[in-house]
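Below is one structure, written out as structure tokens; the observations come after it.
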Amino acid sequence: MFKIAVIGAGTMGNGIAHVFAQHGFQVQLIDLHADQLEKALSVIEKNLGRQVQKGVLTEEEKTSAFHRIHPEQQIKKGISEADLIVEAATENETIKLKIFRELDENALPEAILATNTSSISITRIAAATKRPTQVIGMHFMNPVPLMKLVEVINGYETSESVTKKIIELSVQLEKTPCVVNDYPGFISNRILLPMINEAIFSLQEGVASADVIDTVMKLGMAHPMGPLQLADFIGLDVCLSILRVLQDGFGNPKYAPATLLVNMVAAGKLGVKSGEGFYNYRSGSKDWIVSEHLKKRN
């Protein structure tokens, strides 16, 4: 397995392309938007540069890795020779199903189709293709170049040989693969998102301020980042989407998203990506901007 195609040049897509290229793979980075591809290449080059500064890569290795990444706007052309295709598009089931139908029609018959979804059913995605045994979840963590985990998710029909190849490939990327089965949220988000949601409920109910909630979890539970700050980095819209997948998938009200989260997403307060969430990122500070809003309501 040498040729890789990555669908989507956003935060996850450019990180996945970066890691594959760094480890010697030829990568087609595919996105419909030329400006997104340009931005992704700039981010990758910058992040490779940081690895040089830290002594992880030499300047020569950085240049070689960067030249292994080939931007492409057409899916059909970009995947035509790929052994593995990793879809890293937006976390929207309708969009992902449409992409997988197109991948199935145009990819090599033996190509493995992987999705970086954080919560959507692998089995449902696989059912959109005529090769469900060759569809698998390959859920990287953000930031991809730094985080060691790859959550490998088997769909209902994923073959053992495909799972084995993805495990071996993850190890080649110097990642730690953890194999799980296809249930809503898998393992990572089935545990993480209810914790984040409970933190938002605690904030909503006035139990404590955002900085206190985050400090308790960092200093008391040894979390590197508090749940509210982490939610801002994930994207509050993504958090809401995953909670709704859990709620619909299990039919259990314990996964119902906090009203505060719903309202913040409706107001466009999505976290780092919008410049404002539980904290204010526009000024480069970490000032909490929700508490005053809640005080006014009370």
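The numbers here are math on the coordinates, done by the rules we state, and not lab data. Please read all numbers here as calculations on a predicted model, not as lab measurements. Cβ sites come from the backbone with ideal geometry, for glycine too, and all protein chains shown count toward neighbours.
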query = With contacts defined as alpha carbon pairs under 8 Å and 6 or more residues apart, what's the relative contact order of region 189-297 in percent?
reply = 24
request  = Report the local net charge at Arg190: Lys and Arg +1, Asp and Glu -1, summed over other residues whose C-beta lies under 14 Å from its C-beta.
outcome  = -2
message = No solvent, one uniform scatterer per C-alpha: report log10 I(q)/I(0) for the chain via the Debye equation at q = 0.08, 0.11, 0.12 1/Å, two decimals.
response = -0.37, -0.69, -0.82
key: Loop sites in region 145-195: trypsin sites (Lys or Arg not before Pro), DSSP, at most 13 other Cβ within 10 Å   = Lys148
inquiry  = To make sure I understand, if each residue's beta carbon is the centre and we count other beta carbons within 10 Å, what order do Ile44, Ile95, Ile136 fall in, fewest to most?
reply    = Ile95, Ile44, Ile136
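Say a site is exposed when it is one of the chymotrypsin sites (Phe, Trp or Tyr not before Pro), sits in a DSSP loop, and has at most 15 other Cβ atoms within 10 Å; what is then the longest site-free stretch of the chain?
On the way: sites that count: Phe2, Tyr156.
Between the exposed loop sites, the longest stretch runs 3-155.
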query = Within the chain, which complete DSSP H helices have Cα atoms spanning at least 15 Å along the helix axis and a mean Kyte-Doolittle hydropathy of 0.0 or higher?
reply = 11-22, 160-172, 188-204, 236-250
note = Taking a straight Cα-to-Cα line shorter than 18 Å from Lys54, and setting aside same-chain lysines fewer than 8 residues away, one finds Lys46, Lys62, Lys148
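Please compare each pair in Lys39/Lys273; Lys98/Lys273; Lys39/Lys175 to a cut-off of 18 Å on the Cα-Cα distance and tell me which ones are over it.
Pairs exceeding the cut-off: Lys98/Lys273; Lys39/Lys175.
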task = Quick one: give the max-minus-min coordinate of the C-alpha atoms of region 189-297 along each principal axis, largest first, in Å.
result = 39, 32, 26
inquiry  = Below 8 Å, C-alpha to C-alpha, sequence gap of six or more: please give me the relative contact order for the chain in percent.
reply    = 12
ask   = Which lysines, on any chain, are close to Lys3 with Cα under 16 Å apart, when same-chain ones fewer than 8 places away are left out?
value = Lys76, Lys77, Lys165
task = Taking the dipole about the Cα centre of region 82-233, with the C-beta of Lys and Arg at +1 and of Asp and Glu at -1, give me whichever of Thr215, Ile167, Tyr183 is farthest to the positive side.
result = Ile167
Within straight-line cross-link reach of Lys254, aspartates and glutamates at Cα separation under 12 Å, skipping those fewer than 8 residues along the same chain = Glu198
key: Filtered GluC sites (Glu not before Pro), region 1-98: DSSP coil and at most 15 other beta carbons within 10 Å   = Glu81
